[in-house]
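K.L.:
The following block contains the structure, expressed as structure tokens.
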Amino acid sequence: MNTSWIRQRSTLVACLCSSVFWSSPRVARAEEPAAPEKERPSVGLSVFHAFSPTGFVKVREFQFEGDRLGLRENLGLRSVNALEADGRMPLGPRGALRILFQATLFGGDATLPRDEWFNGTLYQGGGHVDIGSTQYYRGLVLYQHRFVGTADPATGRVLGEAGLVLDALDFHIDGPLSPKTVKTEKRENFAKQLLPLPILGVTASQPLLRDVRAYGEFRVAFVRALPSFYKEGGTMHFTQTDLDAILGVAYRFDPVEAHLAYRQSFFYQETYSHEDTNQFRLLAQGFELGVAWSPR
């Protein structure tokens, strides 16, 4: 048998198979992988409507202790609506800077069943009061770091957050005053002694369908008896808690993404000195609807 001829045929077949394999589209793609998705900047706007918000406000002025006024029970709080702007800028391959600003509106009015003290001012029992002039603003500056997943938000990923939160509350109660009142001031500006506080959080997302993903966000800030730079009858100290939990779904039609989420927010602040003791608590839960634009 001519073994030389057989070896020549075997070598020719091996060369042909090798040529077909290395010229296949799959191997070509392996040699030239697609460029990884990069983090993209984004700007967004959302609206939040809370149903059945609850809480209270209590403001002492010297010896006038101040009554604990339920936001819904005593002051007729019916609605809490917020408008939030959201901006995000990539920082490096896994980081991003996120800035959020929220403006909250309160809607509510009631008839006081009896005289009530607030900030040294005595409101007339039987009078109609309104809290619609209350102003509440909130700002967050966050650094985000991606621990799990890719830069594409349509993929499953987990991001950690650390930053600062600033809450500015100016609470107003408009209504007739009692002839026995000591003062006539109808507001308490909690923001006078505000300080930016550290806040931590986590954000996670998981794809459901091709252009649909589920996501969740959780953030918390807490300080206790922190001295402020502000002095009013001595150094002001304050205790504060911020908590936000969000669970939603988002639909992407590139470069725009719309989302619908359930949101629960809790805010408590207490400031005290020899002259004042001010307390405010708000629990708001409801739905958030928003849209974001993320150019390539």
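The values are calculated or read from the model by the stated rules, or taken from the named source; none is laboratory data. Predicted model, so just to flag it, every value in this text is computed and none were measured. Cβ atoms come from the backbone with ideal geometry, glycine included; neighbour counts cover every protein chain shown. When the accessible area is computed, the model is the full protein with side chains, heavy atoms only, and any ligands, DNA or RNA have been set aside. Shrake-Rupley method; radii C 1.70, N 1.55, O 1.52, S 1.80 Å.
K.L.:
Work out the length of the dipole vector of the range 192-257 about its Cα centre, built from +1 on the beta-carbon of each Lys and Arg and -1 on the beta-carbon of each Asp and Glu, and round it to the nearest 20 debye. Can you show the working numbers first?
P.N.:
Numbers: 7 positive and 7 negative charges, 40 e Å.
The calculation lands at about 200 debye.
K.L.:
Would you calculate the separation in nanometres between label points at L177 and F253, each defined as 7 Å from the Cα along the Cα-to-beta-carbon direction?
P.N.:
5.5 nm
K.L.:
Need the full-extension length gain, Q206 to Y143, defined as separation in residues times 0.36 nm minus the C-alpha distance. One decimal, nm.
P.N.:
Answer, rounded to one decimal: 20.6 nm.
K.L.:
Moving on. For F48, what accessible surface area do you get with a 1.4 Å probe? Give it in Å², rounded to 10.
P.N.:
Accessible area of F48: about 20 Å².
K.L.:
Taking 7 Å along the Cα-to-C-beta vector as the label spot, tell me the R78-L45 distance in nanometres, rounded to one decimal.
P.N.:
2.6 nm
K.L.:
With an 8 Å Cα cut-off and a minimum separation of 6 or more residues, compute the relative contact order for the chain in percent.
P.N.:
It comes to 17 percent, rounded to a whole number.
K.L.:
If I fit a long axis through the Cα atoms of helix 3-22 and take the longest principal axis of the Cα atoms of the chain, what angle between them do I get, 0 to 90°, rounded to 10?
P.N.:
Between the helix axis and the principal axis of the chain, the angle is about 20 degrees.
K.L.:
Could you please report the charge total around A292, scoring K, R as +1 and D, E as -1 over all other residues with beta-carbon less than 10 angstrom from its beta-carbon? Intermediate values should be presented prior to the final figure.
P.N.:
Numbers: positive: R88, R252; negative: D86, E257.
Around A292, the charge tally is 0.
K.L.:
Once you have the Cα-Cα distance between E185 and A245, take 0.36 nm times their residue separation minus that, and quote the gain in nm to one decimal.
P.N.:
18.0 nm
K.L.:
Then there's this: With every protein chain present, what is the per residue accessible area of the range 221-296 (1.4 Å probe, Å²)? Kindly include the intermediate steps, with their values, before the conclusion.
P.N.:
Values: 3650 Å² over 76 residues.
I get 48 Å² per residue for the range 221-296.
K.L.:
While we're on this one: What is the count of Lys pairs in the chain whose alpha carbons sit under 27 Å apart, if the two are 8 or more places apart or on different chains?
P.N.:
9
K.L.:
Follow-up question, since we're still on this one. Say each of F266 and R281 gets a label point 7 Å from the Cα, pointing the same way as Cα to Cβ; how far apart are those two points in nm?
P.N.:
Here the modelled spin labels are 0.9 nm apart.
K.L.:
Where the accessible area of the chain is counted over protein heavy atoms with a 1.4 Å probe, how much of it, in %, is carbon and sulfur? Intermediate results must be reported in sequence, preceding the final value.
P.N.:
Working: 9970 of 15590 Å².
After summing per-atom areas, the C and S share lands at 64 percent.
K.L.:
Also: What's the magnitude of the charge dipole for the chain around its Cα centre, counting Lys and Arg as +1 and Asp and Glu as -1 at the beta-carbon? Answer in Debye, nearest 20.
P.N.:
On the way: 32 positive and 32 negative charges, 298 e Å.
Around 1440 debye, computed over the chain.
K.L.:
Okay, helix-only estimate at 222 nm for the chain: each DSSP H run of n ≥ 4 adds -39500 (n - 2.57), divide by all residues, round to 500 deg cm²/dmol; what do you get? Could the numbers behind the result be given before it?
P.N.:
Values: 2 runs with 27 residues, N = 296.
Computed ellipticity for the chain at 222 nm equals -3000 deg cm²/dmol.
K.L.:
In what order, largest first, do W117, W293 sit by accessible area if the probe radius is 1.4 Å? Mind showing how you got there, number by number?
P.N.:
Numbers: W117 70, W293 130 Å².
Order by accessible area, largest first: W293, W117.
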